[in-house]
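Visitor: Sharing a structure with you now.
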Amino acid sequence: MLGNRAGSQRLIQLGERIRQKRKDSHLSQETFAEKAGISVNTVSRIEGGQAAMSVEIFAKLVEVLDTDANELLGRKPMGNREDDPAAKTIARIRRLKPKEQRIVLKTMKTLMDGMEGKDGWEIPQI
């Protein structure tokens, strides 16, 4: 069992990693809370290391942040997604509204078709 200081330090570090990942994802606390199904106050307390969370809430935060749980826990991530620009780009596209996603995908298709000198894949309906 961890002592209170060790336990609270781990919560603070976890909260800092969650806050940084949320900011990297360009999500406000309000948007993040809404997507995770929790209150803004809960997000603030988690990010400040003032509140522990259930496994269900942690899993939802991992999903909303489109990250690896090990990364948030401060462990080495499985596969090095941090260095994978394609994974980062896909994560950013997923956070866009459907109309914005279609615009980005059409633009990417046009660029790729031009580079490959051919007509490429079809844009999926979102």
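The values are calculated or read from the model by the stated rules, or taken from the named source; none is laboratory data. Quantities reported herein were computed from a predicted structural model and do not represent experimental measurements. Cβ coordinates were reconstructed from backbone atoms using ideal geometry, including for glycine residues, and neighbour counts include every protein chain displayed. We work out accessible area using only protein heavy atoms, side chains counted, and drop any ligands, DNA or RNA first. Shrake-Rupley method; radii C 1.70, N 1.55, O 1.52, S 1.80 Å.
Visitor: All but one of (1) more than 20 Å from Gly74 (Cβ to Cβ); (2) more than 13 Å from the chain's Cα centre (by Cα) hold for His26, so report the exception by its number.
Guide: Only one criterion in (1) more than 20 Å from Gly74 (Cβ to Cβ); (2) more than 13 Å from the chain's Cα centre (by Cα) is unmet by His26, namely (2).
Visitor: Now, a different point. Just checking, does the stretch 29-47 include any residue being open to solvent by less than 90 Å² (accessible area, probe 1.4 Å), at pLDDT 95 or above and over 17 Å from Arg19 (Cβ atoms)?
Guide: Yes; the residues of the stretch 29-47 include at least one that is open to solvent by less than 90 Å² (accessible area, probe 1.4 Å), at pLDDT 95 or above and over 17 Å from Arg19 (Cβ atoms).
So that you can scan it fast, the table gives a plain yes or no per residue for (1) modelled with pLDDT under 90; (2) open to solvent by 60 Å² or more (accessible area, probe 1.4 Å):
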residue: Ile57; (1), (2): no, no
residue: Val62; (1), (2): no, no
residue: Glu71; (1), (2): yes, no
residue: Met78; (1), (2): yes, yes
residue: Glu82; (1), (2): yes, yes
residue: Ala86; (1), (2): yes, no
residue: Lys109; (1), (2): no, no
